[in-house]
Amino acid sequence: MGKPERLISLPFSKSVEISFKSLKVRFFRSMITVSSLVLAVSFLSFVLVNMDVAGGMLAHGGKEAARALSQAGYDVDLAQGAVAMSAKERWIVLLSLLVCTVGIVNAQLMSVTERFSEIGVMKCLGALDSMILRLFLLEAAMQGLAGAFTGSLLGCLFSLITGGFRFGFAVLGTVPWAGVLGSIGMATLAGCVLSLLGVMYPAWLAARMDPIKAIRAEH
């Protein structure tokens, strides 16, 4: 006899559709994850774009700009023409990203708990562990992209406004926009990675669940 076929073969496009519908059904639960990402990524984007604004200001303003930036709390290396974030800012960024990841893990664990019966039925119908894992990862990717992109844009906007008020809006004419776009992209990528990392353990738990126990679970 030939090798038995899988009971369910789910195309990638169908997986995307199922994940999107699941997010719509659990909209408010999804917003918990998205909002935590928006807050963390917006702060990261704010700091990165601040560095771009300060770098453009230093490149065009010379010693006077270096003095103003130093007084504002930036670490300025006039010889190298570089501006770096302070150690305090680095720690705050790391802590905000860590708190964001913990929040995502907690929200996804709650999502798995709420979906015990759904996961059990899918597995009884022949869904493979990899299929369950894929659905959770797709949901996390969608949430991560939406939250991270929104947060990076908000952080960029607030950074430019803050820079204008602190140093005068004329400084916006010295901003290296290519660098700003790179910072937005970096912050968005960081948010997506955080979302995927945060869902790994809950998704693994969901994929390894015994279908009968999942269906009988009370919650």
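The values are calculated or read from the model by the stated rules, or taken from the named source; none is laboratory data. Given the structure is predicted, the values throughout are model-derived calculations rather than measurements. We place every Cβ from the backbone using ideal geometry, glycine too, and count neighbours over all the protein chains shown. Protein only, heavy atoms only, side chains kept; ligands, DNA and RNA dropped before computing areas. Shrake-Rupley method; radii C 1.70, N 1.55, O 1.52, S 1.80 Å.
For segment 197-206, the criterion of being under 30 Å from ALA65 (Cα atoms) and touching a residue at least 12 places away in the same chain (Cβ under 8 Å) is satisfied by no residue at all.
Figure legend. Inter-residue proximity from segment 52-69: first residues of a type outside the set (Gly, Ala, Ser), second residues not in a helix (DSSP H, G or I), beta-carbon distance below 6 Å, spacing 6+ or different chains. Indicated pairs: ASP52/PRO176; VAL53/VAL175; LEU58/VAL83; LEU69/VAL76.
Beta carbons closer than 6 Å, at least 6 apart along the sequence or on distinct chains, never pair a first residue in segment 167-188 that is without any contact (Cβ under 8 Å) to a residue 60 or more places away in the chain with a second that is surrounded by 20 or more Cβ atoms within 10 Å (Cβ to Cβ) and assigned to a helix (DSSP H, G or I). Scanning segment 176-219 for residues that are among the small types (Gly, Ala, Ser), surrounded by fewer than 19 Cβ atoms within 10 Å (Cβ to Cβ) and touching a Gly at 6+ places or on another chain (Cβ under 9 Å) returns GLY179, ALA217. When the criteria are applied in full, SER70 fails the requirement of being open to solvent by less than 40 Å² (accessible area, probe 1.4 Å) and of a type in the set (S, T, N, Q). Please go through segment 103-126 and give me each residue that is assigned to a helix (DSSP H, G or I), closer than 21 Å to SER195 by Cβ and touching a residue at least 24 places away in the same chain (Cβ under 8 Å), ordered by number. Correct list: GLY103, ILE104, VAL105, ALA107, GLN108, LEU109, MET110, SER111, VAL112, THR113, GLU114, ILE119. Only one entry of MET142, MET122 meets the criterion of being within 19 Å of VAL25 (Cα to Cα) and modelled with pLDDT of 90 or more, and that entry is MET142. If the condition is being within 12 Å of VAL49 (Cβ to Cβ) and surrounded by fewer than 14 Cβ atoms within 10 Å (Cβ to Cβ), then segment 149-175 contributes only ILE161.
For ALA84, the conditions (1) out of contact with any strand residue (DSSP E or B) (no Cβ under 6 Å at 6 or more places or on another chain); (2) surrounded by 12 or more Cβ atoms within 10 Å (Cβ to Cβ) all hold with the exception of (1).
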